[in-house]
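The values are calculated or read from the model by the stated rules, or taken from the named source; none is laboratory data. What you are looking at is a predicted structure, and each value in this text was computed from that prediction instead of being measured. Note that each Cβ is placed from the backbone with ideal geometry, even for glycine, and that neighbours are counted across all protein chains shown.
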Amino acid sequence: MIAYTLPSLTLEIVDGDICAQDTDAIVNAANSELWMGGGVAGAIKSRGGAVIEQEAMALGPVREGQCVITTAGSLRARWVIHAAVMGPDLRTSEALIARATQNVLVVAEENRLASVALPALGTGVGRFPLSACATVMIDAVSSHLAVELRLVRFVLFGQRAYVAFATVAVERLGAPSSGAGSR
């Protein structure tokens, strides 16, 4: 894990399981219809229960880049923020990833959440390049002026994703505050 102390919050980068996070909310890399198929969405539904998908679909469909919040079923987190990072065609873009990340932060603030864990949005089913995703997401978090939010944790699946985010973080933010080089 590496961590950065930003002006209004802490940013952590870890290699781990998004479903096991004890943050107030975790983020689902969703499609605009909000059905939960494979990848991160499938893992969240499998581990947290079908109620998460039922609640999400009752709030949709939404425009690409928008977010909705549901309960987290049997997960450790209390909430799931569904970030529609792609349409039903399962394609994404830099602009959609940026808008979805910004909207995750807005939804977290509106719901007075202190912590949120995000996966690498759009890099699985959406096939967006990891380094480009890391740049967009890190820039969105580092420019966010938090009020309630105190911790944003990027939870990456596997060393390749972790290294991509850690490398971009050093390029964009400099040396980490703690945990330099550790996983």
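Screening THR135 on (1) part of a helix (DSSP H, G or I); (2) closer than 20 Å to ALA43 by Cβ shows it passes everything except condition (2). Scanning the range 73-92 for residues that are over 25 Å from VAL136 (Cβ atoms) and under 17 Å from the mean Cα position of the chain (by Cα) returns LEU75, ARG76, ARG78. Yes or no: GLY48 touching a Gly at 6+ places or on another chain (Cβ under 7 Å) and modelled with pLDDT of 95 or more? Criteria met by GLY48.
Scanning the range 1-52 for residues that are in a loop (DSSP other than H, G, I, E, B) and of a type outside the set (A, V, I, L, M, F, W, C) yields a total of 13. In the range 71-80, the residue that is surrounded by the fewest Cβ atoms within 10 Å (Cβ to Cβ) out of those that are of a type outside the set (Ser, Thr, Tyr) and part of a strand (DSSP E or B) is TRP79.
Residues of the range 81-114 that are touching a strand residue (DSSP E or B) at 6+ places or on another chain (Cβ under 7 Å), under 14 Å from ASN31 (Cα atoms) and not in a helix (DSSP H, G or I): ILE81, HIS82, ALA83, ALA84, VAL85, MET86, GLY87, PRO88, LEU90, THR92.
Of the residues LEU105, LEU113, LEU75, LEU90, only one is touching a residue at least 60 places away in the same chain (Cβ under 8 Å) and hydrophobic (A, V, I, L, M, F, W, C); which? After ruling out the rest, the residue left standing is LEU113.
Looking across VAL106, VAL62, one residue alone is at pLDDT 95 or above, over 28 Å from ALA166 (Cβ atoms) and surrounded by fewer than 21 Cβ atoms within 10 Å (Cβ to Cβ). It is VAL62. Screening ASP17 with (1) closer than 23 Å to SER178 by Cβ; (2) surrounded by fewer than 20 Cβ atoms within 10 Å (Cβ to Cβ); (3) over 15 Å from the mean Cα position of the chain (by Cα) gives one miss only, at (3). Among the residues of the range 138-162, the one identified as assigned to a loop (DSSP other than H, G, I, E, B) and among the polar types (S, T, N, Q) is SER143. If you go through the range 1-14 and keep only what is over 16 Å from ALA108 (Cα atoms) and either crowded, with 24+ Cβ neighbours inside 10 Å or not hydrophobic (A, V, I, L, M, F, W, C) (or both), you end up with TYR4, THR5, PRO7, GLU12, ILE13. Annotation: ALA95 fulfils all but one of (1) hydrophobic (A, V, I, L, M, F, W, C); (2) surrounded by 16 or more Cβ atoms within 10 Å (Cβ to Cβ); (3) modelled with pLDDT of 95 or more; the unmet one is (2).
For VAL40, indicate whether it is touching a strand residue (DSSP E or B) at 6+ places or on another chain (Cβ under 8 Å), buried (at least 24 other Cβ atoms within 10 Å of the Cβ), closer than 21 Å to VAL155 by Cα and among the β-branched types (Val, Ile, Thr). Yes; evaluated as a whole, the condition is true for this residue.
Criterion applied to ASP89, ASP139 was being more than 24 Å from GLN159 (Cβ to Cβ) and among the charged types (D, E, K, R), and the one residue passing it is ASP89.
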